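Enquirer: Quick one: the structure is below, and I'll ask about it shortly.
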Amino acid sequence: EHVTGVSFKVDSEDKDEVIKYLDYREKGGYRLAEMLFHPVDNCRKPYNVLVYTATKDNPNYLGPAPEQEIAKQIVSSVGPSGPNLEYFNKLVESLEKLGASYVDDHLRSIKNYIDNNDKAI
């Protein structure tokens with residue numbers, strides 16, 4: 001499976017504090033894992049990164065669902081770090097800044113549904 005993202009280098013002296021913060025922020029059933037990251041520019045070799053992944057046993061996992069159901073869950077969910085809608089909008093905005101090709105049709109469809117039905121959701 002291919003996932004697009006950005007990696008951040010954390011200074012070794014800050015690593016424990018950053019992981020503690022992220023462990024709290026991502027505590028909604030996410031699992032910390034090490035994965036191989038492939039930079040877009042082929043000038044750099046792939047390297048290992050830490051990522052938080054949702055698993056099917058996550059109580060917040062919706063599973064395969066129509067985009068309208070996904071949109072409803074995004075709009076109605078709130079976690080310790082704030083509203084899921086805010087997180088989703090920032091995700092789309094960040095991917096758009098990387099370039100139009102980073103925002104896939106699935107994300108665009110969900111975003112359009114939310115934007116056009118925000119009062120009805």
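The values are calculated or read from the model by the stated rules, or taken from the named source; none is laboratory data. Computed from a prediction, not measured in an experiment: that's the story for all the values here. Here the Cβ positions follow ideal geometry from the backbone for every residue, glycine too, while neighbour counts run over all protein chains shown.
Enquirer: Condition first: in a loop (DSSP other than H, G, I, E, B) and either touching a residue at least 60 places away in the same chain (Cβ under 8 Å) or surrounded by 10 or more Cβ atoms within 10 Å (Cβ to Cβ) (or both). Now tell me which residues in region 1-21 satisfy that. Don't jump to the end; show me each part of the working.
Expert: Initially, region 1-21 is screened for residues in a loop (DSSP other than H, G, I, E, B), giving 1-11.
Thr4, Gly5, Val6, Ser7, Val10 - these are the residues of region 1-21 that are in a loop (DSSP other than H, G, I, E, B) and either touching a residue at least 60 places away in the same chain (Cβ under 8 Å) or surrounded by 10 or more Cβ atoms within 10 Å (Cβ to Cβ) (or both).
Enquirer: Just checking, which of Glu93, Glu69 is at pLDDT 95 or above, in the same structural domain as Asp115 (by the TED database) and charged (D, E, K, R)? Can you show your working first?
Expert: Working: Glu93 fails: at pLDDT 95 or above.
The unique qualifying residue is Glu69.
Enquirer: So, in region 48-87, exactly how many residues are without any contact (Cβ under 8 Å) to a residue 24 or more places away in the chain and either in a helix (DSSP H, G or I) or more than 24 Å from Val6 (Cβ to Cβ) (or both)? Reasoning before the result, please.
Expert: Step one: filter region 48-87 for residues without any contact (Cβ under 8 Å) to a residue 24 or more places away in the chain, giving 48, 53, 56, 62-66, 69, 73, 77-78, 82-84, 86-87.
After this cut, where a residue has to be either in a helix (DSSP H, G or I) or more than 24 Å from Val6 (Cβ to Cβ) (or both) as well, the list is 56, 62-66, 69, 73, 78, 84, 86-87.
So the count comes out to 12.
Enquirer: Filter region 22-47 for residues that are part of a loop (DSSP other than H, G, I, E, B) and touching a Pro at 6+ places or on another chain (Cβ under 6 Å); which is modelled with the lowest pLDDT? Show your work before the answer.
Expert: From region 22-47, those part of a loop (DSSP other than H, G, I, E, B) are 26-29, 38-46; that's our starting set.
Of the ones still in play, those that are also touching a Pro at 6+ places or on another chain (Cβ under 6 Å) are 29, 38.
Numbers: Gly29: 76, His38: 91.
If we take residues in region 22-47 being part of a loop (DSSP other than H, G, I, E, B) and touching a Pro at 6+ places or on another chain (Cβ under 6 Å), then Gly29 is modelled with the lowest pLDDT.
Enquirer: For region 41-87, give me each residue that is among the β-branched types (Val, Ile, Thr) and either on the phi > 0 side of the Ramachandran plot or touching a helix residue (DSSP H, G or I) at 6+ places or on another chain (Cβ under 8 Å) (or both). Even if it seems obvious, please write down each step before you answer.
Expert: Going residue by residue through region 41-87, those that are among the β-branched types (Val, Ile, Thr) are 49, 51, 53, 55, 70, 74-75, 78.
Selection gives Ile70, Ile74, Val75, Val78.
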